[in-house]
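The values are calculated or read from the model by the stated rules, or taken from the named source; none is laboratory data. The structure presented is a predicted model; accordingly, all values stated were derived computationally and were not measured. Note that we place each Cβ from the backbone using ideal geometry, even for glycine, and neighbour counts take in every protein chain shown. For accessibility, only protein heavy atoms count, side chains too; no ligands or nucleic acids. Shrake-Rupley method; radii C 1.70, N 1.55, O 1.52, S 1.80 Å.
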Amino acid sequence: EFGDRPGSKELVLLSDFREVDFELLDTQSLAPALTLLTEGDVAITAFDFSKPAGRNAQIESLVLQDSAVVAEVGATFAITVTNTGNDVIDKLPVALTLVLPSPTAEVPIEVALPQMTISSLAPGDRRTETFRVICPAAGSAVIRAELGSDELPGDNTAQLAVTVRDLMDV
């Protein structure tokens, strides 16, 4: 039960969604229960493991390569993407976003960074690409990476929170 707990809430369903498993389920009460959850700001993600995915890339990791992120200097990040599907993936887009706290509003500022493209990934292949991000000011920031859509969207996004330090003249 999610109750009135603070913070983000997510319900993750892992299933092969076989019909035999749902025969005893009261479907009349399922739809209202799911509606109640979504109206309560609960994100629902379902993973269907009934068939192998033809096209599926996943972000395996998003990490900071440098020892620190310094305002106005930039930092290097690495993203590792794996093809867990059965099909070759050509020209996979990777959208990168810098998310900064807004000084005046509750809604954060999102800055689109130059998009990357991973040329080709064969089934089972893993590729690590690096990119640089320049944060304009000290404070908190989030780097978000999102892959293009595929058959299993739940593994297409990764976020990394970083502390941006002030530039200091020495």
(request) Mind listing just one residue for me: the one in region 97-116 that is farther than 17 Å from residue 158 by Cβ and among the hydroxyl-bearing types (Ser, Thr, Tyr) and, of those, farthest from the chain's Cα centre (by Cα)? (result) 104
(message) Suppose we filter 20, 42, 12 for residues that are of a type in the set (Val, Ile, Thr), on the phi < 0 side of the Ramachandran plot and modelled with pLDDT under 75; which single one remains?
(response) 20
(request) Looking at (1) more than 30 Å from residue 90 (Cβ to Cβ); (2) open to solvent by 70 Å² or more (accessible area, probe 1.4 Å); (3) at pLDDT 75 or above, find the lone condition where residue 34 falls short. (result) (2)
(message) Taking the criterion of being open to solvent by 20 Å² or more (accessible area, probe 1.4 Å), of a type outside the set (Val, Ile, Thr) and more than 27 Å from residue 14 (Cα to Cα), would at least one residue in region 141-158 satisfy it?
(response) no
(request) Exactly one condition in (1) within 11 Å of residue 57 (Cβ to Cβ); (2) open to solvent by 80 Å² or more (accessible area, probe 1.4 Å) is not met by residue 82; state its number. (result) (2)
(message) Conditions first: (1) exposed (fewer than 14 other Cβ atoms within 10 Å of the Cβ); (2) more than 30 Å from residue 13 (Cβ to Cβ); (3) of a type outside the set (S, T, N, Q). Residue 116 passes all but one, so which condition is the exception?
(response) (1)
(message) Pull out all pairs, ordered by first then second residue, where Cβ-Cβ is under 7 Å, the residues are six or more apart or on different chains, the first lies in region 55-78 and is touching a residue at least 12 places away in the same chain (Cβ under 8 Å), and the second is among the aromatic types (Phe, Trp, Tyr) and open to solvent by less than 40 Å² (accessible area, probe 1.4 Å).
(response) 62/77; 63/77; 64/77; 65/77; 77/131
(request) Pairs only if they're at least six apart or on different chains, beta carbon under 6 angstrom, first in region 100-114 and more than 17 Å from residue 134 (Cβ to Cβ), second among the β-branched types (Val, Ile, Thr) and part of a strand (DSSP E or B); list them, first residue then second. (result) 102/109; 108/99
(message) Can you say whether residue 127 is in contact with a strand residue (DSSP E or B) (Cβ under 6 Å, 6 or more places away or on another chain), at pLDDT 95 or above and within 13 Å of residue 82 (Cα to Cα), as far as the supplied structure shows?
(response) yes
(message) For residue 89, only one of the following conditions fails: (1) hydrophobic (A, V, I, L, M, F, W, C); (2) open to solvent by less than 20 Å² (accessible area, probe 1.4 Å); (3) modelled with pLDDT under 95; (4) within 16 Å of residue 145 (Cα to Cα). What is its number?
(response) (4)
(request) Kindly indicate whether residue 103 is under 26 Å from residue 167 (Cβ atoms) and exposed (fewer than 11 other Cβ atoms within 10 Å of the Cβ). (result) yes
